Amino acid sequence: MMLFTLVLIVIVPFVLIALLFRLQRIFQWGWLEKLLQKTDRLNERRRRRYIPVIEVLFIPVIVVLVYLSFRNIKPEHPRFDNRIAVVVDAADINYWGPVLSRQFERIVRTPQPEKQFQLVLFNDAKPSQLAGYNYQIVLASRASSPVRALISELPGGPADTAETEIRLIRRGDAVNGGRLVIAGWADSPDCLQVELERRGDELFAQIEEDAMTCRRGALFTSRKEAAVTRDLLERFGWSFTKFADMELVESSEDASFAAFSPFSPGRYLFVHWVENGDTALINPRWMIETRNRLCDQYYDSTYVDRHFFQPKRTTFLGRTALVTRGLWADDRPTSGGPFVNYLFYDPGDRRLYMIDVFVFRPGQDKLPFLQPLEVLAHTFITVREQP
């Protein structure tokens, strides 16, 4: 984006001047003729002789620079669709709105509150209205509900039963545009709500995991990026299967550190590893100390804001891991943003890995920029895992 701005600043004035001279030859403006006579001592014959030469020389330069500038312009981030269509009976739409919002519109501090998913409520919707939604929640909370017929048409939907049940129904393949439907039915909204809240975390995790798979297909990988992936495997022993628009901007094999950033700054990813790592280091204290040390050295003294810090022991790509979501900050009052840190041990190469993604987008929503980085982190592979 910087190159594009530079091209505009440098080239546009020359283009306008050349165009003005060309129009002057057609319209013979008196005021411009007087101005030209004052600013230079060339007569009209000499201007007619040299100006076309200047235009001919500048046209190839302009074309090349404009091509290079537009060639490097990429979307700031893939436009991931985070909408969830909700279909309920018209009589219950006010009842289900707050309940489902608590379960699925979970808030992430970036530091402003942002929703991970956005609910779009329908009442008695037709299947054609839902075609554009990858995620759907269809709830029939009454025995004679009109929505019950819509659920019955789904594969795996209810037969003639009055039991309270919630099912996950997959329609097609996630990568190829399939849909994930949460279908629930009961004789009363209260019974269905109890079951929904009991399984809320499980259902949310299923949608979140499925969204990660869908988003991988949205990231662009070119031949050049595939070559970079191979180079990283040969150089460091690890890589990313989909490199998106991130480029290696700094690396130190002695420090076991590699930093990545796109052409347009504001999104960052770094990898740090420890040879013969100790699994005892997979704890919040070591993570904070190590991240702060690396950021102090490579990212202008940013540090973890301990007021917004959520470590969670879980799995990452089949490995036991500590996944931490939080905010980073520095001493400037307007600086800060979200980060996600993945700390795990790989028994194949006996390394302890730290993958960290973070965003700096003041005045903007951060999740649309953070989510592609999380997807990129989940394509991490080691030499032993390469295809």
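Considering (1) at pLDDT 85 or above; (2) surrounded by fewer than 18 Cβ atoms within 10 Å (Cβ to Cβ), the lone condition that Ile137 does not fulfil carries the number (2).
Within the stretch 232-239, is there a residue that is in contact with a Leu (Cβ under 9 Å, 6 or more places away or on another chain), part of a strand (DSSP E or B) and surrounded by 16 or more Cβ atoms within 10 Å (Cβ to Cβ)? The answer is yes, given that some residue of the stretch 232-239 is in contact with a Leu (Cβ under 9 Å, 6 or more places away or on another chain), part of a strand (DSSP E or B) and surrounded by 16 or more Cβ atoms within 10 Å (Cβ to Cβ).
Filtering Gln112, Gln103, Gln129, Gln118 for residues that are within 32 Å of the chain's Cα centre (by Cα) and at pLDDT below 80 leaves a single hit, Gln129.
Test Thr290 against the stated conditions and say whether it is outside any strand (DSSP E or B), touching a helix residue (DSSP H, G or I) at 6+ places or on another chain (Cβ under 9 Å) and of a type in the set (Val, Ile, Thr). Answer is yes for this residue. Of the residues making up the stretch 204-247, those that are in contact with a Lys or Arg (Cβ under 9 Å, 6 or more places away or on another chain) and modelled with pLDDT of 90 or more number 4.
In the stretch 290-315, the residues that are over 17 Å from Leu343 (Cβ atoms) form Cβ pairs under 6 Å with partners that are assigned to a loop (DSSP other than H, G, I, E, B), at six or more places apart or across chains, as follows: Ser301/Asp330; Thr302/Asp330. Scanning the stretch 240-287 for residues that are in contact with a Phe, Trp or Tyr (Cβ under 9 Å, 6 or more places away or on another chain), of a type in the set (Phe, Trp, Tyr) and either over 14 Å from Leu373 (Cα atoms) or assigned to a loop (DSSP other than H, G, I, E, B) (or both) yields Phe243, Phe257, Trp273.
Of the set (1) within 25 Å of Glu114 (Cβ to Cβ); (2) surrounded by 13 or more Cβ atoms within 10 Å (Cβ to Cβ), all apply to Arg351 but (1). In the stretch 331-366, the residue that is farthest from Glu385 (Cα to Cα) out of those that are of a type in the set (Lys, Arg) and touching a residue at least 40 places away in the same chain (Cβ under 8 Å) is Arg361.
The values are calculated or read from the model by the stated rules, or taken from the named source; none is laboratory data. Quick caveat: nothing in here was measured; it's all calculated off a predicted structure. In this analysis, Cβ positions are derived from the backbone assuming ideal geometry, glycine residues included, and neighbour counts consider all displayed protein chains.
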